[in-house]
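Heads up, the thing below is written out as structure tokens.
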Amino acid sequence: MSLKSTLRAATALSLITAGSAFADGHSATITIATVNNGDMIRMQGYTDQFTEATGIAVEWVTLEENVLRQRVTTDITTSGGQFDIMTIGMYETPIWGANDWLVPLDDLSAEYDAGDILPAMAGGLSYNGTLFAAPFYGESSMIMYRTDLMEAAGLEMPAAPSWSFIAKAAREMTDRDNDINGVCLRGKAGWGEGGAFITAMSNSFGARWFDEDWNAQFDTREWSDTLNFYKNMMDDSGPAGFATNGFNENLSLFNQGKCGMWIDATVAASFVTGADSTVADSVGFALAPDNGLGKRSNWLWAWALAIPAGTQQVDEAKQFIEWATGTGYIEQVAANEGWANVPPGARTSLYENPDYQAVPFAQMTLDSILSADPTDSTVDPSPYVGIQFAAIPEFAGIATEVSQEFSAAYAGQQSIEEALEKAQAITNEAMEAAGYR
């Protein structure tokens with residue numbers, strides 16, 4: 001770490017300490033609910049340094065993605081008070097902020113520099129211009145692929161490929177005898193797991209969740225084309241049991257050398273090129289596929305830290321958020337683990353840093369984030385904001401049920417047609433009960 005970076009990190013910690021409970025002789029403990037992915041687990045390894053500087057102890061509740069969403073949603077809607085900080089995303093933040101369920105983050109310190117947060121992330125984590133969650137990292141989605149297998153197949157990955165190319169390449173790279181699957185994609189039930197992937201994919205096929213009158217659209221050719229293309233490709237070239245695979249399962253498969261391509265969160269790039277990957281030296285990156293209709297199949301998301309309105313430890317929670325999502329933490333990780341391992345996608349200054357610009361996936365990550373537009377995600381007009389979700393309170397419950405039907409179809413427990421018929425009925429019934437129709 002440079003002298004300048006060291007001084008900045010030290011200054012940030014001293015500022016936190018000056019305002020902490022520790023400074024006036026008292027100690028406190030905050031409880032944080034978070035997701036069990038690599039970046040959040042890495043952050044936990046640095047927490048002792050925050051505690052040493054502030055006197056604030058941290059207790060972690062680390063959960064699988066679907067379980068985390070259930071737990072924090074139940075806690076916030078019932079005023080359960082289990083957590084002082086919650087890890088949430090772009091779906092929950094504006095809705096919960098509008099309901100006064102979250103503490104506004106409009107008074108963070110000047111040293112924190114909230115203006116440095118990428119506009120795409122700040123916008124998605126705000127309500128009426130007020131920030132309600134701070135991004136630990138931001139992401140879109142992109143293709144991660146084995147350059148050696150692509151070359152062996154006699155193919156060259158375009159910078160912006162089509163779904164037809166992906167299906168062809170997947171067939172060519174599949175080698176069942178050596179347990180290599182041409183493509184690994186999420187199929188796991190859950191609105192933020194397989195549901196998020198198939199929704200983003202459907203955008204590129206011209207599908208949408210609702211028409212402009214909030215009528216469900218699962219009875220359309222576009223949705224049928226999406227699911228049939230996905231299932232046929234995965235049956236031909238995907239891993240066994242893909243219907244139950246989510247982010248972590250596919251990451252493990254890719255790192256073991258069992259996937260030719262993986263289309264998923266840009267944040268995975270540091271892991272597929274890291275020490276735990278057996279194929280780290282043979283990984284390339286490309287934009288998420290399109291289908292010739294003007295929409296790519298990439299999403300926009302941030303895992304962010306928010307403070308539930310019911311906590312009694314707002315000041316301590318804000319100190320942790322400033323520490324964990326500030327530039328000092330980024331520099332600390334860079335000094336210890338290299339720039340490729342810092343939390344990506346959250347701050348403009350990161351992408352202006354020459355050291356980070358040299359990271360092989362940095363520009364593709366930024367390009368993917370900048371190409372995702374939550375206000376214009378579908379080919380035909382839609383009444384909702386969001387790419388892999390519709391930003392309405394009812395969506396999480398509806399999409400969880402719909403994704404379960406889709407996963408059952410992927411697993412061969414029902415036909416695609418049956419799954420879409422059920423999705424249409426589930427969605428229209430829920431929207432009518434909620435007063436949209």
Counting only GluC sites (Glu not before Pro) that sit in a DSSP loop (anything but H, G, I, E, B) with at most 12 other Cβ atoms within 10 Å, what is the longest stretch of the chain containing none of them? 1-155
Taking Cα atoms only, helix 194-204 is inclined relative to the longest principal axis of the chain by an angle, in degrees rounded to 10, of 60 degrees
Any idea what angle helix 314-325 forms with the longest principal axis of the chain, computed on alpha-carbon atoms, 0 to 90 degrees, nearest 10? 60 degrees
Label points 7 Å out from Cα along the Cβ direction at T147 and D100: separation in nm? 5.6 nm
Would you calculate the separation in nanometres between label points at A275 and Q357, each defined as 7 Å from the Cα along the Cα-to-beta-carbon direction? 2.9 nm
Can you tell me the 0 to 90 degree angle between the C-alpha axis of helix 416-433 and the longest principal axis of the chain, rounded to 10? 50 degrees
Extension gain (nm, one decimal) between E417 and D211, 0.36 nm per residue minus Cα-Cα: 72.2 nm
Could you give the nm distance between label points at L293 and T74, where each point is 7 Å from its Cα heading toward the beta carbon? 3.8 nm
Post the alpha-carbon centroid distance, the range 66-116 to the range 280-318, in whole angstrom. 15 Å
Among [x] 1.03; [y] 1.06; [z] 0.97, the entry matching Rg/Rh (Cα atoms, Kirkwood Rh) as calculated here is [z]
If R0 = 45 Å, then N178 and D380, at their Cβ-Cβ distance, give a FRET efficiency to the nearest 0.05 of 0.55
Out of the total accessible area of the chain (probe 1.4 Å, heavy atoms of protein only), what percent is carbon and sulfur? 48 percent
Suppose R0 equals 25 Å. What FRET efficiency, 1/(1 + (r/R0)^6) with r the Cβ-Cβ distance, do S162 and D116 give to the nearest 0.05? 0.10
At the level of C-alpha centres, the distance separating the range 222-274 and the range 340-370, in angstrom, is 23 Å
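The values are calculated or read from the model by the stated rules, or taken from the named source; none is laboratory data. Just so it is clear, the structure is predicted and the values come from calculations on it, not from any experiment. Note that we place each Cβ from the backbone using ideal geometry, even for glycine, and neighbour counts take in every protein chain shown. The protein model used for the area step is the full one, side chains on, heavy atoms only, and it has no ligands, DNA or RNA in it. Shrake-Rupley method; radii C 1.70, N 1.55, O 1.52, S 1.80 Å.
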